[in-house]
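To start, the structure under review is shown below, and the notes come after it.
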Amino acid sequence: MMNNRWFQLVASLVAMIMIANLQYAWTLFVVPLQAQTHWKLSDIQVAFTLFILFQTWIQPLDGWLIDRLGPRWFISAAGLLCGLGWAGMGYATTLPMLYMLYCLAGVGAAFVYSGSMGGALKWFKDRRGLAAGIMAAGFGGGTALFVPIISSIIGSRGYQAAFIATGLFQGFVIVAVAQFLRHPPQAAVAATSHATAGSQLGTRQFTTFEVLRTPQFYAMYVAFVLMATGGLLVTAQSGKIAESWGYSAAVLTLAASLSPLANGASRVFWGWASDRIGRETAMVIAFVLQAVCLFLVLALGQISSFWFVLTLVLVYFTWGEVYSLFPSMSGDYFGTRNATSNYGVLYTAKGVASIIGGWFGALLYEQFGSWSVGFYGSAIMALVAAGIAIALRASTAPSRAAMAVAVAAEAK
C-alpha cells in the first residue's frame, strides 16, 4: 500500500487540505480581529504577507532536504508548527505576537506544501498536470469544508476560539497522515537521457543551481508573480471588500464557502487540460480569462450580493490554475529528480505577490478609499503574464519533441 501512488496522493491530499485554512480562511478573521484590537487594516495584513513569505521562501531549503531525506519527518514537524502557530493566534494580544505565530504556521505549511507537491510530481511523471492539480486543489479548496464551521464558531464564541479549535485539529491530522508518506522507490536515482545538441530543457534532470541559470526560469518567475497577485488580493481582502461594499457576514460566508470549491476545481481542470493542450496554451487562455474576471468584480460585484459572490467565484476559477500549471511546467522543463527543491524556488514568486496583493493592496485602499486601483492593476498584470506564456511557448518550440520523448521515458 505504501508504494501505491494513488494512496500516496490521497494521503498527501489530506495534509494539504489541513493547511488550507491557514491561507484561505484568514479573511474571515480580519474584520473581527480589527474590531476587537482596533489595529489598522494594513498592519493586520502584514501578518498575512509574512505568512505567505515564510510559506514560500522556506521551500527552496526544505525542498532540497525533502528530495534527499523523504517527506515523513518534515511533515510530522509541520503538524506541530501548524497546530501551535494557528491555535496560538487565538491568544495573540500584540501585533508582533500575531506575526510570530502566523510565521510559525507558515513554516509548517511550507513543509507540507513542498513535500506533498514534490511527491505528486515524482509519483505521477506521466500525468503531472492532473496530479499537481489534485494536490493544489487540496490547498485551494480544502477551506470549503471548514468555512461554515469557522464562521459559526466566530459568531458564537469569537475568533479566538475558532483559531484554537481548528489549529489543534489540523495539527493532529497532519502528524497522523505524515506517518504514511514516502517517495517512490528509486525516485532519487531515476534519470532521463541527456540532450546531445540544442536546448536541454525536458531532456535531463536539472539541479536547482542549473535551473537558476536558465532564462525560462526567470520568465516563469515573473509570470507567476504577475498572475498570483490578483488572487491573493481577493484572498486577503475579500472580507474588507464585502464590508466596504455593504454586504453582510452571511454573504461573505457564502462567497468564502464557494470560492475554495472554484479554486480547487480550477487547479484540477486546468492541470488536466494542460496535459492535453500544453502548459503554455492553457496558461494563455486562463490568464486572459483572469484579467476579464478581475474587471468584472468591479463592474458587477457592487451591484448585488449575487454578482459579488459570482464574480469572486469566477476569479478563483481562473486564478487557482497557477498552482498546478507552474509545478507541472517546472517538471516538464527541469525533470523530477529535484522537483521539490526546483519548484520550491519557483514558488517563492507567490511570496513576492503576497506583498503586492496583501500589504500593498490594503495600503492602496487606505490611500484611495477604493479597490479600483488594485483590481485594474492586477488585471493588467494577468494580461502581461499571458504574453510571457506565449513567449515561453515560442522559446521552447525547438525542444518540444525531445520533451515529449523524455517524459514518456521517465514515466516508464
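Please label the shape of region 255-321 as rounded, prolate or oblate, based on the square roots a ≥ b ≥ c of the eigenvalues of the alpha-carbon gyration tensor (a/c under 1.5 means rounded; beyond that, a/b larger than b/c means prolate, else oblate).
Values: a/c = 4.38, a/b = 1.78, b/c = 2.46.
Since a/c reaches 1.5 but b/c is at least a/b, the shape of region 255-321 is classed as oblate.
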Checklist line | Dipole of the chain, positive direction: furthest Cα of N21, M283, S395, with charges on the beta-carbon | finding: S395
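Rounded to the nearest 0.05, what FRET efficiency is calculated for V292 and V373 with R0 set to 25 Å and r the Cβ-Cβ distance? It would help to have the intermediate numbers written out before the result.
On the way: r = 18 Å, r/R0 = 0.72.
It comes out at approximately 0.85.
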Next item on the list: For every other residue with a beta carbon closer than 12 angstrom to the beta carbon of A11, add +1 if it is Lys or Arg and -1 if Asp or Glu, then tell me the sum.
Entry: +3
Checklist line | Acute angle (nearest 10 degrees) that the helix 249-277 long axis makes with the longest principal axis of the chain, alpha-carbon atoms | finding: 10
Check: If you line up the long axis of helix 26-37 against the longest principal axis of the chain, both from Cα atoms, how many degrees apart are they, to the nearest 10?
Finding: 30
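Relative contact order of region 260-357, please, whole-number percent, based on alpha carbon pairs below 8 angstrom and at least 6 residues apart. The partial results should precede the final answer.
On the way: 82 pairs, mean separation 34.9, N = 98.
Reported relative contact order: 36 percent.
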Next item on the list: Keeping all protein chains in position, work out how much accessible area D126 exposes to a 1.4 Å probe, and write it in Å² to the nearest 10.
Entry: 80
Next item on the list: Find how many whole Å separate the alpha carbon centroid of region 322-352 from the alpha carbon centroid of region 224-264.
Entry: 25
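Per-residue ellipticity at 222 nm for the chain, helices alone: DSSP H runs ≥ 4 residues times -39500 (n - 2.57), over residue total, nearest 500 deg cm²/dmol?
On the way: 19 runs with 323 residues, N = 412.
Value at 222 nm, helices only: -26500 deg cm²/dmol.
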Next item on the list: Hey, can you find the accessible area per residue of the chain for me, probe 1.4 Å, expressed in square angstrom?
Entry: 36
Notebook entry, point to check: Taking all protein chains as present, what is the carbon and sulfur share of the accessible area of the chain, in % to the nearest whole number, probe 1.4 Å?
Noted result: 71
Next item on the list: Based on a Kirkwood Rh over C-alpha pairs, give the Stokes-Einstein translational diffusion coefficient of region 52-132 at 25 °C and viscosity 0.890 mPa s in µm²/s.
Entry: 185
Item checked: Cut-off 14 Å (backbone N to label point 7 Å along Cα→Cβ of I149), residues of region 243-261 -> none
Notebook entry, point to check: Which is farthest toward the positive dipole end of the chain among M1, V225, V384, measuring Cα position about the Cα centre, with Cβ charges +1 (Lys, Arg) and -1 (Asp, Glu)?
Noted result: M1
Next item on the list: With the Cα gyration tensor of region 88-138 in hand, convert its eigenvalues to equivalent ellipsoid semi-axes via √(5λ) and list them largest first in whole Å.
Entry: 34, 9, 6
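Magnitude of the Cβ-charge dipole of the chain, K/R +1 and D/E -1, about the Cα centre, nearest 20 debye?
Numbers: 21 positive and 12 negative charges, 169 e Å.
Using Cβ point charges on Lys, Arg, Asp and Glu, the chain gives about 820 debye.
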Next item on the list: May I ask for the angle, rounded to the nearest 10°, between helix 5-24 and the longest principal axis of the chain, with both axes built from Cα atoms and the value confined to 0 to 90°?
Entry: 30
Next item on the list: Could you point to the residue in V309, S116, L364 farthest towards the positive end of the chain's charge dipole, with +1 and -1 charges on the Cβ of Lys/Arg and Asp/Glu respectively?
Entry: S116
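The values are calculated or read from the model by the stated rules, or taken from the named source; none is laboratory data. Computed from a prediction, not measured in an experiment: that's the story for all the values here. In this analysis, Cβ positions are derived from the backbone assuming ideal geometry, glycine residues included, and neighbour counts consider all displayed protein chains. We work out accessible area using only protein heavy atoms, side chains counted, and drop any ligands, DNA or RNA first. Shrake-Rupley method; radii C 1.70, N 1.55, O 1.52, S 1.80 Å.
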